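Data block below; observations after.
Bear in mind that the values in this text are calculations on the coordinates, not laboratory data. The model shown is predicted, which means the values in this text are computed figures rather than measured ones. Cβ coordinates were reconstructed from backbone atoms using ideal geometry, including for glycine residues, and neighbour counts include every protein chain displayed.
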Amino acid sequence: MMSIEVTIENILYFGAISLSLIGLFGMMMLQNVFRILLSLVLLEAGANLLLVLSGVRIGGVAPIITEGMSAGVVMNDPVPQALVLTAIVIGVGIQALALALIFRVKRNYGTLDLRKIREKLEKDIAVSNEVSAPGSYQAPEKLTESTGANQ
Amino acid sequence: MIWVVALIVCIMLVAAVMVLFVPNMIAAVVATSVVSLALTAIFAIVKAPDVAMTEAAIGAGLGSLILALGLKRLGFNQTGGSQGEEND
């Protein structure tokens with residue numbers, strides 16, 4: 001029977017994958033728009049950690065050349081670190097952009113609940129297309145009465 | 001060493017679950033900051049000091065500042081509730 005060895009790298013990989021999965025779960029299942037943004041932050045953090053871990057070598061040192069360093073010393077891969085350095089900054093930009101979009105949603109619809117936003121959005125689309133609103137996707141029992149009530 | 005890493009990963013995962021399910025919104029933002037700080041410690045442990053510096057300054061500092069100011073502008077009352085059930 002194959003068993004997974006408990007080393008520092010395996011614990012860190014477990015943490016990175018778990019963090020990504022927690023963020024993905026939050027983005028899929030939660031209903032508050034602001035909390036979905038927080039889940040996006042978690043997903044970004046997990047992806048960054050996974051990228052940095054892909055460049056880690058056993059017994060490696062930081063990829064910085066100092067004066068007394070011998071030639072054959074093992075370094076971590078600096079390319080994923082540079083990539084993650086950029087990705088962190090871009091992640092903060094994405095947070096700011098998403099927050100601006102949430103401000104607009106709050107101003108237009110007056111709520112942050114995803115289901116209420118979807119209901120109002122479908123109502124707006126139906127009014128602009130001059131057809132009856134089909135009702136919310138997440139409340140199928142209301143489908144018949146809403147279609148029967150409208151016109 | 002391995003116990004330090006395991007403890008930091010445990011703190012990070014508990015804070016991540018707390019982000020999703022704590023009812024208070026400002027506590028969720030603080031938990032996001034805790035996740036970023038644990039991530040900073042992990043980056044320092046795996047010998048990536050430049051990434052750790054950037055994550056501490058921009059990910060934990062500026063990101064949490066942006067989220068907290070945005071939450072202040074959105075209003076604490078409207079964003080309360082564990083899943084946004086009791087809004088409005």
So, how do all the Cα-to-Cα distances of the protein assembly as shown break down into 10 Å bins, in percent, from 0 on up? 7, 28, 27, 18, 11, 6, 2, 0, 0
A correct Kirkwood calculation over the Cα atoms of chain B returns a hydrodynamic radius in Å of 14.0 Å
Acute angle (nearest 10 degrees) that the helix A:8-29 long axis makes with the longest principal axis of chain A, alpha-carbon atoms: 10 degrees
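Per the Kirkwood treatment, what hydrodynamic radius in Å, one decimal, follows for region B:24-75 from the mean inverse distance over all distinct Cα pairs?
One decimal place: 11.3 Å for the Kirkwood radius.
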Separation in nanometres of the label points that stand 7 Å from Cα toward Cβ, at A:LYS123 and A:ALA96: 3.5 nm
Amide H neighbours of A:MET75 under 5 Å, at least 5 residues apart or on other chains, H built in the peptide plane: list them. A:VAL61
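Place a +1 charge on the Cβ of each Lys and Arg in chain B and a -1 charge on the Cβ of each Asp and Glu, then give the dipole magnitude about the Cα centre in debye, rounded to the nearest 20.
Result for chain B is approximately 220 debye, rounded to the nearest 20.
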Reach of A:LYS106 by Cα under 19 Å, taken over lysines that are not fewer than 8 positions away in the same chain: A:LYS116, A:LYS120, A:LYS123, B:LYS72
What does the average come to when, for each residue of peptide B:39-49, you count the partner chain Cβ atoms lying within 10 Å of its Cβ? 6
Angle check, please: helix A:33-53 long axis (alpha carbons) against the longest principal axis of chain A (alpha carbons), in degrees 0 to 90, nearest 10. 20 degrees
Mind pulling the angle between the C-alpha long axis of helix B:25-45 and the longest principal axis of chain B? Nearest 10 degrees, somewhere in 0 to 90. 10 degrees
Tell me, what HN-Hα J-couplings in whole Hz come from the Karplus equation 6.51 cos²θ - 1.76 cosθ + 1.60 at θ = phi - 60° for each residue of region A:61-67, using x for Gly and Pro? 10, 5, x, 10, 7, 10, 6
Give me the inter-chain shielding for A:117-129: mean count of other chain Cβ atoms within 10 Å, whole number please. 0
